[in-house]
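Everything below concerns the one structure shown next.
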Amino acid sequence: MRIAITGSTGLVGTALVSALQAAGHQPVRLVRNPSDTPSGEIAHWQPDSGAIDLSALGEIDAVIHLAGENVAAGRWTTARKQRIEQSRGPATEKLCRTLAGLPTPPKVIISASATGIYGDRDDEELDEDSPVDATDSFLARVAREWELATQPLNEIGARVVHLRIGVVLAPNGGALSRMLLPFRMGLGGRLGSGDHWMSWITLHDLVRSIQHILAEASLRGPVLAVSPTPISNRDFTRALGKALHRPTFFPVPSFALRTLFGELATILLSSQRARPSRLLKSGFTFDHSDIDSGLAAMKLR
């Protein structure tokens with residue numbers, strides 16, 4: 001398959017491009033600045049307008065849309081929140097309108113979303129059929145608009161998948177890489193009470209799940225990309241300490257997180273206990289279904 005990919009230089013995109021090439025596919029990176037892009041096929045993309053260099057794009061079979069402003073890059077100032085919103089709903093809608101207008105539109109798009117669409121749900125067990133958070137909480141609202149923005153491709157009958165991604169675990173990027181130094185120094189600990197649930201997935205299994213979705217025509221609409229065994233922050237802290245052979249005696253109180261990070265602390269303290277029902281029903285098997293095996297496979301020590 002010839003597959004267009006946005007966000008191809010990020011943590012997930014980099015791993016995905018390599019995996020698709022190894023599987024014999026032809027990934028085409030949609031990029032804003034071609035001069036900053038690694039080798040391979042590229043097509044210039046302007047997120048603000050949705051314009052794509054169609055001569056470089058060629059005829060594509062599928063799109064994997066991963067691009068978006070990093071929500072955890074810093075405190076949520078008004079300007080940062082605007083960039084987060086604009087890089088998701090509006091940019092996705094413009095991209096999908098351009099793709100829908102191609103002489104031969106793609107047959108499938110896998111568009112990133114997030115478990116944050118459910119809001120803070122305490123101990124409630126969630127899957128793709130659970131109602132999303134209908135309040136005006138920032139992350140849930142952004143995720144709802146992100147998913148609605150694919151409507152132009154829905155309208156022409158493309159298979160649209162909203163990939164609701166949990167916390168992606170990899171030693172070379174994302175949340176886990178930021179935790180490693182303090183944990184290795186013996187300064188790790190639970191966040192707040194530690195009772196809130198964390199829906200996670202290893203980078204390895206996320207890439208495999210995207211490849212599975214490309215091949216599995218029955219999957220459309222929301223699909224949770226999370227391990228089948230969500231874990232409390234308290235138990236994750238213990239598991240990471242065990243994997244690193246380090247103590248975890250230093251909890252961080254909720255008020256301290258809110259003081260340090262402001263509204264961004266929502267990401268660290270919200271609870272989503274999600275299960276990937278649709279992936280499992282479609283026959284996908286996880287290589288790392290429990291946290292101990294996932295961390296062990298990363299060889300963190």
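All of the numbers you see were taken from the coordinates with simple rules; none came from a lab. Note that the coordinates shown come from a computational prediction; the quantities given were computed from them, not determined experimentally. Backbone-built Cβ (ideal geometry, glycine too); neighbour counts: all protein chains shown.
Tabulated results
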read-out: Rg to Rh, two decimals, where the stretch 218-274 supplies the alpha carbon set and Rh follows Kirkwood; value: 1.09
read-out: Distribution of pairwise C-alpha distances over the stretch 1-66, 10 Å bins, in %; value: 22, 61, 16, 0
read-out: The stretch 1-146 - convex hull of alpha carbons, volume per residue in Å³; value: 140 Å³
read-out: P(r) histogram, all alpha-carbon pairs of the stretch 169-279 included - 5 Å bins from 0, percent; value: 2, 11, 17, 22, 19, 13, 8, 5, 3, 0
read-out: About the Cα centre, charge dipole magnitude for the stretch 254-301 (Lys/Arg +1, Asp/Glu -1 at Cβ), debye; value: 100 debye
read-out: Förster-model FRET efficiency, 45 Å R0, Met1 and Phe249, C-beta, rounded to 0.05; value: 0.35
read-out: Per-residue ³J(HN,Hα) for the stretch 241-256, Karplus 6.51 cos²θ - 1.76 cosθ + 1.60, θ = phi - 60°, Hz, x for Gly and Pro; value: x, 5, 5, 9, 6, 10, x, 9, 9, 10, x, 10, x, 4, 5, 5
read-out: Percent breakdown of C-alpha pair distances by 10 Å bin, ordered from the shortest bin, for the chain; value: 6, 27, 36, 23, 7, 1
read-out: √(5λ) per eigenvalue of the Cα gyration tensor, the stretch 123-170, largest first, Å; value: 22, 15, 12
read-out: Lysine pairs within the chain, Cα separation less than 26 Å, 8 or more sequence positions apart or different chains; value: 4
read-out: Neighbourhood charge, 10 Å Cβ-Cβ cut-off, centred on Ala73 and excluding it, Lys, Arg +1 and Asp, Glu -1; value: +2
read-out: Charge dipole (the chain, unit charges on Cβ, about Cα centre) - positive-most of Thr92, Leu153, Leu268; value: Leu268
